[in-house]
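Everything below concerns the one structure shown next.
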Amino acid sequence: MSNIHVFSDVNKPVSSNPADGYTMPAKLYTDPAVYELEKTAIFSKTWHYIGHESHVCNTGDYLTLDIADESVFIIRSDDDQLRGFFNVCRHRAHRLLEGAGNVRSIVCPYHAWSYRNDGSLRHARFSRDMPTFDPDDFCLPEIRVESVQGLLFVNLDLDAKSIDELAPGFKKDLGELIPHMSSLRPLDTFAFDSPESADWQANWKVVVDNYVECYHCAPAHPALADLMEMGSYEHKVQHRWARQIARKTRNENKAYTFGESDDVQIAAYWYLWPTTSIWLVPGSANLFVLAMMPQNHESTVFSGHRYGLTDTTDTERGIYLNKILGPEDQGLCESVQRGLKSQSYNQGRFMVDPSRSGIAEHGVHQFHKLVTEALAK
């Protein structure tokens, strides 16, 4: 007789109290139909990091971003406004812009339809000879753009509430804890060692689950746990954002060394629903901002930037983040994704203590509530 227990389709809901709660069912991580639902229920209605104000300070400067199956861009228009649009030609749906750069006008590579930087149609061959053609019918559809402490976010939903309304206190918290926030500038695109390390074979929710808890830090990241004095670790959870912080760190540790006079002596990690992670790590002035974006239902790709005051690289810190910490987390997430497909697993439990200490999983509980609430609407 088989001793394998196959779970039924009866799932326990994510409760309001993490101490009593079960995690989301495995199907939410493995079923492609769930991902199709998320495209409209989550990704088309929420704010996503795209870049920094300094990336688009001149007329015609632009940045692009892929959000699930959608592509969007922001651009500095002639009236000095930041505008955002869907990155799709209104003629035959070819993508208009790639990466980042500067353009005088937005020209489709396919049939050369061109648009002004306010989104209006500038030129389409033969259109003037067609009496029923109205160029106003072919303007680029707009999206929302907002700045938070110089960081730029986009939202496909024109009726979406602002980040300040949805995540009160988030902007203030960044400004209070990040040294030189107003002076930090993006130094480069966040560099992984290989394309494989930027593309994790795990559902985006597995990646977020891993990011929003430090219950795994001591066993899975021993050098990181040595860098941070875990007794000082805190985890503040709000409705649509959260922040983890080690207020005490060790200059001499197993991860990398840093000076007592360096700008940053704490470690802090912010999460903004649903895809944005922001890291502040000990050492010279820095910030790392990454979007954790799905490519499909079991693959997540990262895009983002490294920030600092001067264009210098902290080699020891960079080696630790890229060659040790990143691969550790990638291995964890990819193993979880494989395990979620097992017939022996459906749901786990949130592990929390009464004080909701920094290493408890109340951040994962918050995230699961947001996911399940969004999918239920």
Of (1) among the hydroxyl-bearing types (Ser, Thr, Tyr); (2) closer than 23 Å to LEU272 by Cα; (3) at pLDDT below 95, SER8 satisfies all except one. Which? (2)
Can TYR307 be described as surrounded by 21 or more Cβ atoms within 10 Å (Cβ to Cβ) and either under 24 Å from ALA41 (Cα atoms) or among the small types (Gly, Ala, Ser) (or both)? no
Counting only strands (runs of 3 or more DSSP E) entirely within segment 245-326, those with at least 2 residues that are over 13 Å from the mean Cα position of the chain (by Cα) are 267-272, 287-296, 299-308
Could you check segment 320-358 and list, in sequence order, the residues that are surrounded by 14 or more Cβ atoms within 10 Å (Cβ to Cβ) and within 30 Å of SER183 (Cβ to Cβ)? TYR320, LEU321, ASN322, ILE324, LEU325, GLY326, ASP329, GLY358
Kindly provide the set of residues from segment 14-32 that are more than 22 Å from the chain's Cα centre (by Cα) and either loosely packed, with under 13 Cβ neighbours inside 10 Å or of a type in the set (S, T, N, Q) (or both), ordered by number. SER15, SER16, ASN17, ASP20
Restricting attention to segment 45-63, and to residues there that are under 24 Å from TRP241 (Cα atoms) and touching a helix residue (DSSP H, G or I) at 6+ places or on another chain (Cβ under 9 Å), which single residue is surrounded by the fewest Cβ atoms within 10 Å (Cβ to Cβ)? LYS45
If the requirement is being of a type outside the set (Lys, Arg) and surrounded by 20 or more Cβ atoms within 10 Å (Cβ to Cβ), which of these qualifies: GLU316, GLU298? GLU298
May I ask you to list the residues in segment 218-239 that are surrounded by 19 or more Cβ atoms within 10 Å (Cβ to Cβ), touching a strand residue (DSSP E or B) at 6+ places or on another chain (Cβ under 8 Å) and in contact (Cβ under 8 Å) with a residue 40 or more places away in the chain? LEU227, TYR233, HIS235
If you go through segment 125-141 one residue at a time, how many are under 12 Å from TRP113 (Cβ atoms), part of a helix (DSSP H, G or I) and not hydrophobic (A, V, I, L, M, F, W, C)? 2
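One line per residue, one yes/no per condition, for (1) of a type in the set (S, T, N, Q); (2) under 19 Å from the mean Cα position of the chain (by Cα); (3) in a loop (DSSP other than H, G, I, E, B):
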| position | (1), (2), (3) |
| --- | --- |
| LEU332 | no, yes, no |
| GLN347 | yes, no, yes |
| ASP353 | no, no, yes |
| ILE359 | no, no, yes |
| GLY363 | no, yes, no |
Within segment 70-91, how many residues are over 11 Å from ARG144 (Cα atoms) and either hydrophobic (A, V, I, L, M, F, W, C) or over 22 Å from the mean Cα position of the chain (by Cα) (or both)? 11
Contact list please: Cβ distance under 7 Å, first residue in segment 134-153 and free of Cβ contacts under 8 Å to residues at least 24 places away in the same chain and basic (Lys, Arg), second residue loosely packed, with under 15 Cβ neighbours inside 10 Å and part of a helix (DSSP H, G or I), pairs at least six apart or on different chains. none
Condition first: part of a strand (DSSP E or B), at pLDDT below 95 and surrounded by fewer than 17 Cβ atoms within 10 Å (Cβ to Cβ). Can you find one or more residues in segment 192-209 that meet it? yes
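The values are calculated or read from the model by the stated rules, or taken from the named source; none is laboratory data. Values in this document were obtained by computation on a predicted structure and should not be read as measured data. Reconstructed Cβ throughout: ideal geometry from the backbone, glycine too, with neighbour counts over all protein chains shown.
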